[in-house]
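The values are calculated or read from the model by the stated rules, or taken from the named source; none is laboratory data. None of the values given here were measured: they were computed from a predicted structure. Cβ placement follows ideal geometry from the backbone for every residue including glycine, while neighbour counts extend to all protein chains displayed.
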């Protein structure tokens, strides 16, 4: 039963990923990304990482994806005779289709080789608590206090920088 | 560990990372001070005050680090950070690079927005954490802190070129971070730990086939190699060096490399020995690619960018040699490289203040500014690694370490690396001497821009020349320190 659920969600994630790669409409790609992220969130639940799954839904589906769709809608200047089937234009010429595909296939085979040959050792304690939230909360404030604080400073730096760039960049210059 | 012990350990650790806490607080204080001062007072006044605040902060950081000099090597936030005197030494180098950058900015009278000082503080904080990191989580996070600050430092100016350079930097950086995260996740899957000082990691890694091991290590090192601008993560270097203002380029070309090199040393001592041929190959390819491509460059900063790719290759040769002398040599090389490269950028900037640094504009300037041109010649000779300069001493140290290592281990690839490195030092002479050739043997083609603040520029570059020559005749001045820090 669990295996069947796992495979169906994995198929959802991989299938939507392939659709993103092959579709020529940016909007369809964004919606397919929604399905892919949903599939990944479900896989997190199956792996016992409930908090991570919820965060994935909140941050990626709720925040980033909506931002992405808004970005596409606001920056697009559609011409009159465009339909939903018209492919999005790519500004640069796609000249290296043979080498591009060839390199990607080689890279895929290399990574596949690594994963097949690797001697994985996942020796964590067996999962018996029902929720990871308590553990996460305690660990973030004790053993992982420092990374938590570094991440805080990191986000502040990014915020300052983003505000500065957005305020001081005049696109006409 | 129960909760009480953990809390006690945290409060103990907090007293052991005072410089980092100070920098984090300083970053916040600086942002608030900037807001308040800009509200009450005119702009020129504010800029001067903020500069003094930065300077005071940097000096105070230096004092705080020197206070850590004699502290016992021990873990902080076990197993996330490890403070030893090596980390302290590299932190001193980083603060010196920071102060040098400010000297450069003041000498050339750059006007930078105050946000830039805040970003520099954050970058220094990232590098400090990096020098102590012994856990992939802290390595990754501090590397990101450093990266985000550097992207912003490159992209801050409103010109189109800066935007292009910043975007390229960001894209390549994000991709190499992603590769590094993939590698770290593989390593975690293979070993079940992220702490690379843990012997369990080495043992678990050694049970894998060489193919899996090499791929996992190469991907995990991706982010580090990106910061060191080593092949195959070097593509961003020339464009970024061309786009950013010269003082920031000089900071970014040296300080992050010092911090990352220390991480690489720590990784090399605790990972399986298969890492060394991998690093050796990367070093040889980087040295060759950097030196050969530099031959065709038409811009002084692009030329120095390719030179820094090659120099980064030499930097890790000392790590590859993997003996006491090699690590000391690499540390010495870092210090020498810091001195030489930052001096080179300062002098290039003094000759053609705040320019695009096209090589053609340097023709004939040697007769106009003989003092600075002569010092630039010495620096170029030093970067190529010829006596009587500190560059020669540094290259001599790492090559003799490599030779020792070859004689002990007898692996032929060490000899190839040695021969390749020496041949490349000869090739590099061809482009390092191009700038002196232009300065002295070509006649002026363009009207030179008026020099600014040249008196202080002369004094400072004279002092730097003194340091470069002194460290050749008396390298033990620096070696004593380095011997002390490497147990």
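Assorted remarks:
- Going through (1) part of a helix (DSSP H, G or I); (2) closer than 25 Å to residue B:483 by Cα one by one, residue B:49 falls short only on (2).
- Positions within segment B:22-40 being in contact with a helix residue (DSSP H, G or I) (Cβ under 8 Å, 6 or more places away or on another chain), free of Cβ contacts under 8 Å to residues at least 24 places away in the same chain and over 23 Å from residue B:126 (Cβ atoms), in sequence order: B:37
- Among (1) buried (at least 24 other Cβ atoms within 10 Å of the Cβ); (2) at pLDDT below 90; (3) within 18 Å of residue B:433 (Cα to Cα) - the single one residue B:296 does not satisfy: (1)
- Among the residues making up segment B:385-407, those that are assigned to a loop (DSSP other than H, G, I, E, B) and over 23 Å from the mean Cα position of the chain (by Cα) are B:387, B:388.
- Being assigned to a helix (DSSP H, G or I) and touching a residue at least 40 places away in the same chain (Cβ under 8 Å) holds for only one residue in B:144, B:164, and it is B:164.
- Residue within segment B:412-424 that is outside any helix (DSSP H, G or I) and within 29 Å of residue B:239 (Cα to Cα) present: no
- Condition check for residue B:116: within 11 Å of another protein chain (Cβ to nearest Cβ) and over 17 Å from residue A:161 (Cα atoms): no
- Criterion: free of Cβ contacts under 8 Å to residues at least 60 places away in the same chain and over 21 Å from the mean Cα position of the chain (by Cα) - qualifying residue of B:72, B:115: B:72
- Selection count where residues are part of a loop (DSSP other than H, G, I, E, B) and surrounded by fewer than 23 Cβ atoms within 10 Å (Cβ to Cβ), scope segment B:73-107: 4
- Residue B:31 being closer than 22 Å to residue A:155 by Cα, in a helix (DSSP H, G or I) and either at pLDDT below 90 or within 14 Å of chain A (Cβ to nearest Cβ) (or both): yes
- Sole exception among (1) facing chain B (nearest Cβ under 10 Å); (2) farther than 27 Å from residue B:220 by Cα; (3) at pLDDT below 90; (4) surrounded by 11 or more Cβ atoms within 10 Å (Cβ to Cβ) for residue A:161, by number: (3)
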